[in-house]
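The values are calculated or read from the model by the stated rules, or taken from the named source; none is laboratory data. None of these values were measured; they are calculated from a predicted model. Neighbour counts are summed over all protein chains in view; Cβ atoms, including those assigned to glycine, are modelled from backbone coordinates with ideal geometry.
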């Protein structure tokens, strides 16, 4: 098989996103939120936790604390109790209070609008900052989670393991205006079809463009 050129890889990446858009047009962020602050908090809480569980916890949290100042004024113990059902709740409560204190102190209580500024908040990494910047402010970003990293490697769109390097490779294949939507589509594809242990290759809408790197042959459909 001839080695794929950069242009061929870009064309294949575009076909992949086009096909996913047709297959799962309903793809969207699964976290429930009503404003930028709630989005930031929900994404922070979702690290190593399911969106379903976060959505069960946040209604009461959002009803009790409505502004960054409310969170900053709350005790860490109270925040821990409010999110106790979520994994790593102690560390998340600590980061949540510290992040809100910084927002009040340095940003006048308003959420920073850039990915770079968001990343300076305690408990907010590059991925979280990208998700918030894209969904809250329309920033061009392609945040990489475990689903996206796994699928990008299976598709041979990257060889990297580090999420930041995976994002760099993916961003080089698509125009910036497609990054955010591609991020959401690939996540849904990873949750529904290209799952970690038993990818559903027979039902895959992008099988024709997938090189199936690391996918065991016994789990692969014979049809192309």
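Data for the structure
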| item | result |
| --- | --- |
| Filtered residues of segment 86-104 (kept if free of Cβ contacts under 8 Å to residues at least 40 places away in the same chain and more than 12 Å from residue 121 (Cβ to Cβ)) | 87, 89, 90, 91, 93, 94 |
| Subset of segment 116-126 [closer than 22 Å to residue 49 by Cα and assigned to a helix (DSSP H, G or I)] | 118, 126 |
| Filter result for the condition that a residue is in a loop (DSSP other than H, G, I, E, B) and over 30 Å from residue 169 (Cα atoms), over 66, 80, 3 | 66 |
| Filter result (part of a helix (DSSP H, G or I) and either surrounded by 18 or more Cβ atoms within 10 Å (Cβ to Cβ) or more than 10 Å from the chain's Cα centre (by Cα) (or both)) within segment 127-146 | 127, 128, 129, 130, 131, 132, 133, 134, 135, 136, 137 |
| From the options 83, 151, 103, 111, residue that is surrounded by 15 or more Cβ atoms within 10 Å (Cβ to Cβ) and outside the structural domain of residue 61 (by TED's automatic domain parsing) | 151 |
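Each row is one residue, and each column tells you yes or no for (1) part of a helix (DSSP H, G or I); (2) closer than 30 Å to residue 207 by Cβ; (3) within 22 Å of the chain's Cα centre (by Cα).
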| residue | (1), (2), (3) |
| --- | --- |
| 20 | yes, yes, yes |
| 40 | yes, no, yes |
| 44 | yes, no, yes |
| 52 | yes, yes, yes |
| 91 | yes, no, yes |
| 113 | no, no, yes |
